[in-house]
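Worksheet: one structure, shown below.
Every number here is computed from the coordinates shown, using simple stated rules; none is lab data. A quick note: this is a predicted structure, and the numbers were derived from the prediction, not measured. Cβ coordinates were reconstructed from backbone atoms using ideal geometry, including for glycine residues, and neighbour counts include every protein chain displayed.
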Amino acid sequence: MKKLILVLLVALNVVFADDMALLQSECSNKNALSCSDLAFKYYEKQDYQKAAEFYKKACDGESVDGCYNLGVLYNQGQSVRQDFKKAAELYSKACDSGEAKGCYNLGLLYDQGQGVRQDFKKAAKLYSKACDSGDAGGCSNLGVSYVKGQGVRQDFKKAKEYFGKACDMGVQIGCDNYKILNK
């Protein structure tokens, strides 16, 4: 039994190495999707330096996922110097290309004034764009914006609507806030 498990593990390592080599080759041929997939594999192995390198190649090749994920690395300071301004640029590129998570994360930066001038109105617009694209966090944060009247006119009815959307998408805080406004 131990021999069988060992053989399977060796076989999986060979397949993984072959997969990495194929992705590396395709990335070298300017295939942005392969660069992004390769970056993700390095990220999973916690080799954030390599992940950043290949996410950059992916982003340069117009991969929305590459830009978004490179933005996450800059936002968190993983293998790169933490740089909220650079993260904002990358999230903006992803958001402009239709990536809801890019809009949401860019909204967070505007909400908190990290890397950009704090602008609640812009944050609310980005949360709205994220929510409209199916991002539950965007819906929940837009609800908070309506409760606080930050960037939008205070409106508890709209807040409840957005909390309800977030709840329907599985975000517990959306459900909790919906329940609070329902009292």
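Secondary-structure-derived ellipticity at 222 nm for the chain, considering helices only, amounts to -25000 deg cm²/dmol, per-run term -39500 (n - 2.57) for DSSP H runs with n ≥ 4.
When the Cα positions of 64, 22, 156 are compared along the charge dipole of the chain, 156 comes out farthest toward the positive end, with charges on each C-beta of Lys, Arg, Asp and Glu.
From most to least packed by mean Cβ count within 10 Å, the peptides 69-77, 41-49 give 69-77, 41-49.
In the chain, taking the dipole from charged Cβ atoms about the Cα centre, the farthest positive-side position among 116, 175, 139 is held by 175.
Using a cutoff of 8 angstrom between alpha carbon atoms and counting only pairs six or more residues apart, the relative contact order for the chain works out to 10 percent.
Once the chain from residue 132 to residue 60 is taken as fully extended at 0.36 nm per residue, the excess over their C-alpha distance is 23.2 nm.
A Förster radius of 35 Å combined with the Cβ-Cβ distance from residue 83 to residue 158 puts the calculated FRET efficiency at roughly 0.55. Basic side chains Lys and Arg get +1 at the Cβ, acidic Asp and Glu get -1 at the Cβ, and with that the dipole of the chain about its Cα centre reaches some 720 debye. Once the chain from residue 45 to residue 118 is taken as fully extended at 0.36 nm per residue, the excess over their C-alpha distance is 22.7 nm. Spacing of the modelled spin labels on residue 21 and residue 150, each 7 Å from Cα toward Cβ, amounts to 5.2 nm.
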